[in-house]
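Here is the structure we will look at.
The values are calculated or read from the model by the stated rules, or taken from the named source; none is laboratory data. Not measured: the values here are computed from a predicted model. With ideal geometry, Cβ positions are generated from the backbone for all residues, glycine too; neighbour counts draw on all protein chains shown.
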Amino acid sequence: MNTIIIKGRLVRDPEMRHTDSGKSVTNFSVAVNRRFQKDKADFFNVTAWEKTGEFVDKYFHKGQEIAVQGEMQSREYTDRDGNKRTAWDVIASNVEFCGSKSDSEGNSGGSYQPVTHAPDIPPDAPQYAKGDTGDFEQMPIDDDLPF
């Protein structure tokens, strides 16, 4: 299984191009703060193909927070000095908004959006007292493990 999920900020604006066959591909980099070392970050190169890449190119920009789900993929290349190198990229299968940098810094110049609350429970919905299991039978707790 090869799955990666990262959440961080775009290091630069996404760059979209088209292959010779006409497929769109968008490249961008994401900086992810380390969990216990907030002053350090890891940088991930991300590639998003076709509709996913077009979405990123259209709606995301430098500094914006993004969540990316995909898989890691290695590629080999030769550097300027003729040395063979291996690079790792995240191939995005899903991207999501997480808010922008201005959103996390307070309401400085941005528009205010009120928080929406969950709707009230309709009056015809069944109401159960806390701990009421309805038609379900209470199972006895057995501390003996089967293995």
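Output yes when any residue across segment 86-102 is modelled with pLDDT of 90 or more and over 24 Å from Thr26 (Cβ atoms), and no when none is.
no
Mind counting the residues in segment 41-57 that are surrounded by 11 or more Cβ atoms within 10 Å (Cβ to Cβ) and either hydrophobic (A, V, I, L, M, F, W, C) or free of Cβ contacts under 8 Å to residues at least 40 places away in the same chain (or both)?
11
Which residue out of Arg34, Arg9, Arg17 is within 14 Å of the chain's Cα centre (by Cα) and of a type in the set (Lys, Arg)?
Values: Arg34 fails: within 14 Å of the chain's Cα centre (by Cα); Arg17 fails: within 14 Å of the chain's Cα centre (by Cα).
Of Arg34, Arg9, Arg17, the one residue that is within 14 Å of the chain's Cα centre (by Cα) and of a type in the set (Lys, Arg) is Arg9.
Taking segment 58-82 as the search range and keeping residues that are touching a residue at least 24 places away in the same chain (Cβ under 8 Å) and under 14 Å from Glu15 (Cα atoms), which one is surrounded by the most Cβ atoms within 10 Å (Cβ to Cβ)?
Phe60
Just to be sure, is Thr3 loosely packed, with under 10 Cβ neighbours inside 10 Å, more than 18 Å from Ser93 (Cα to Cα) and at pLDDT 95 or above?
Working: loosely packed, with under 10 Cβ neighbours inside 10 Å: yes; more than 18 Å from Ser93 (Cα to Cα): no; at pLDDT 95 or above: yes.
So Thr3 fails the test.
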